[in-house]
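Undergrad: Next up is a structure, given as C-alpha cells.
Please treat every number below as a calculation from the coordinates, not as lab data. Model, not experiment: these values are computed from the prediction. Neighbour counts are summed over all protein chains in view; Cβ atoms, including those assigned to glycine, are modelled from backbone coordinates with ideal geometry.
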Amino acid sequence: NVRMQNDIKLPPEKRRNYKHAIDGLFRVYREEGVTRLFAGATTATSRAVFMTIGQLSFYDQVKLTLLASGYFEDNPTLHFLSSLTAGAVATTLTQPLDVLKTRAMNAKPGEFKGTMDLILYTAKLGPLGFFKGYVPAFVRLAPHTILTFVFLEQLRDNFGFVQAK
C-alpha cells in the first residue's frame, strides 16, 4: 500500500504500476523475494508497541493526574483532555518509527544495509528528520484516540465497571 501511494512520485520509467494490492503482493514476491515482503516489519512492530504505550498508559496516567489536581471531575471533558494528551504522546513516540518504516518500505532493494543504516541516514537530516509528517499523523491519530477513550468511558458509565480491590 505504501508503494502504491508513492508510485506516482517516481519517474514514469521507474513506476511499478501495481494493478491492486494483491498484484503488488505477488509481484514483490516474484521480483524481489519473500524477504522483501517484510521490509519495515521490525519498525512497524516497534511502532505498534510504542503506540500502545502512548495511548493506554498515558491516557490513564494523565486522567489520574488531572483528577488528583482537584481542577477536574470524572466527566467527558476530562476524558477528552486525557485522550487528546495520550494521542499527542503516542504520535510523538511513534513518529520516528513511522518515518523509518516508510523509508524502509519505499527503499529500493539494497538501498540500506539494515535498520541501523536507515537510522543513520535519517539522523543526517537532523532531529526533525525523524518527525517528518508529525502534524498529519497527529491529525489522523488524535480523533481516533479521543473517540476510543470517550466511548470506553461511556461504556464503563452505562454498562458498569468493577473497581479492583
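Undergrad: Could you work out [θ]222 nm for the chain from helices alone, using -39500 (n - 2.57) per DSSP H run of at least four and dividing by all its residues? Round to the nearest 500 deg cm²/dmol.
TA: Values: 7 runs with 107 residues, N = 165.
Rounded to the nearest 500, the figure is -21500 deg cm²/dmol.
Undergrad: A follow-up question, please. Between Leu155 and Ile119, take the C-beta separation as r, use R0 = 45 Å, and let me know the FRET efficiency to the nearest 0.05. Walk me through the intermediate numbers first.
TA: On the way: r = 40 Å, r/R0 = 0.89.
After rounding to 0.05, the efficiency reads 0.65.
Undergrad: Moving on to the next point. Taking only Cα atoms and a 10 Å spring cutoff, compute GNM fluctuations for the chain and point out the largest among Thr92, Thr43, Thr115.
TA: Looking only at Thr92, Thr43, Thr115, the biggest GNM fluctuation is shown by Thr115.
Undergrad: Given charges of +1 on the Cβ of Lys and Arg and -1 on the Cβ of Asp and Glu, with all other atoms neutral, how large is the dipole of the range 40-159 about its Cα centre, in debye to the nearest 20? Intermediate results must be reported in sequence, preceding the final value.
TA: Working: 10 positive and 8 negative charges, 139 e Å.
The dipole of the range 40-159 has a size of about 660 debye.
Undergrad: To continue, here is another question. Does anything in the range 79-123 have its amide N under 11 Å from the 7 Å Cα→Cβ label point of Thr42, and if so which residues?
TA: Counting only backbone N, you get 113-119.
Undergrad: Just to confirm a number: summing +1 for Lys and Arg and -1 for Asp and Glu over residues other than Ala44 whose beta-carbon lies under 10 angstrom from that of Ala44, what do you get?
TA: Working: positive: Arg47, Lys101; negative: Asp98.
Summing Lys and Arg as +1 and Asp and Glu as -1 gives +1.
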